[in-house]
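The values are calculated or read from the model by the stated rules, or taken from the named source; none is laboratory data. The structure presented is a predicted model; accordingly, all values stated were derived computationally and were not measured. Every residue, glycine as well, gets a Cβ built from its backbone with ideal geometry; the counts of neighbours run over all protein chains shown.
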């Protein structure tokens, strides 16, 4: 069987029922208050249902037998009627007995684990059960003896009283939290019954949980910082790219302006040269015409004296 070691604060209804069947006859390990009382609640509910069915059926059988006896049934017939009514209830009684026997050993194992979790050793619980058994035996003996001597009735009541005290003590132990009954004393008698006080099992796990939470928070902060730095770097890269693009556009615009000015200057120079050439051609033509006129005049003057 699986050894059950429940941790306080981590046991719910489903886990309690699961551990109860996994540790069916396992007396080792520990069971918390929640793990113990969830199971006891289920067992108490089932016993209450059986008891209610038996009580109502038997009450109805005795009531019917009494009514029929008052009117027309003899005492012998009434006894037979009650017996038949009980026989009809026999399947329910058998089922209840089977259920009680099936739950006896697992319930004892569950109680042992609960006591150990509270701080009572298994041998201490065994001593308690032994005393209860002795007291019950003495009580039964004194009850029988009181039929001949009334003085034994007082002894029987004292046994019942001590029995109730021990039962109440064990019930209170089941209500105590984990490690409540542990002791730091070096007394051998106390050490026989109670466990030595030790580091709670939940401390390490609680610290582990806190460390895990802190690590998770640190990791989350680091991720947030990384995401922030990444976003800032991305924005910076975008701004850098925009600046480079802007500078490139400015350079391109400047180059275009330079080229445009060069083209304009080239065109202007070309136009100026063209105009200069035209003026030169005009001047040449004018000079040519003037020379021609001079030649014509010279020829005319030459021809006139000859005449």
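List the residue pairs whose Cβ atoms are under 8 Å apart, where the first residue sits in the stretch 72-87 and is surrounded by fewer than 10 Cβ atoms within 10 Å (Cβ to Cβ), the second is at pLDDT below 70 and part of a helix (DSSP H, G or I), and the two are 6 or more positions apart or on different chains.
Qualifying pairs under 8 Å: 75/69.
State yes or no: is residue 152 surrounded by fewer than 18 Cβ atoms within 10 Å (Cβ to Cβ) and either touching a residue at least 24 places away in the same chain (Cβ under 8 Å) or closer than 18 Å to residue 40 by Cβ (or both)? Please lay out each step first, then the result.
On the way: surrounded by fewer than 18 Cβ atoms within 10 Å (Cβ to Cβ): yes; either touching a residue at least 24 places away in the same chain (Cβ under 8 Å) or closer than 18 Å to residue 40 by Cβ (or both): no.
Criteria not met by residue 152.
Select from the stretch 13-59 the residues that are within 25 Å of the chain's Cα centre (by Cα), under 21 Å from residue 172 (Cα atoms) and outside any helix (DSSP H, G or I) and list them in ascending order.
29, 30, 31, 32, listed by residue number.
From the list 22, 63, which one is in contact with a strand residue (DSSP E or B) (Cβ under 8 Å, 6 or more places away or on another chain) and exposed (fewer than 15 other Cβ atoms within 10 Å of the Cβ)?
On the way: 63 fails: in contact with a strand residue (DSSP E or B) (Cβ under 8 Å, 6 or more places away or on another chain).
Criteria check complete, one pass: 22.
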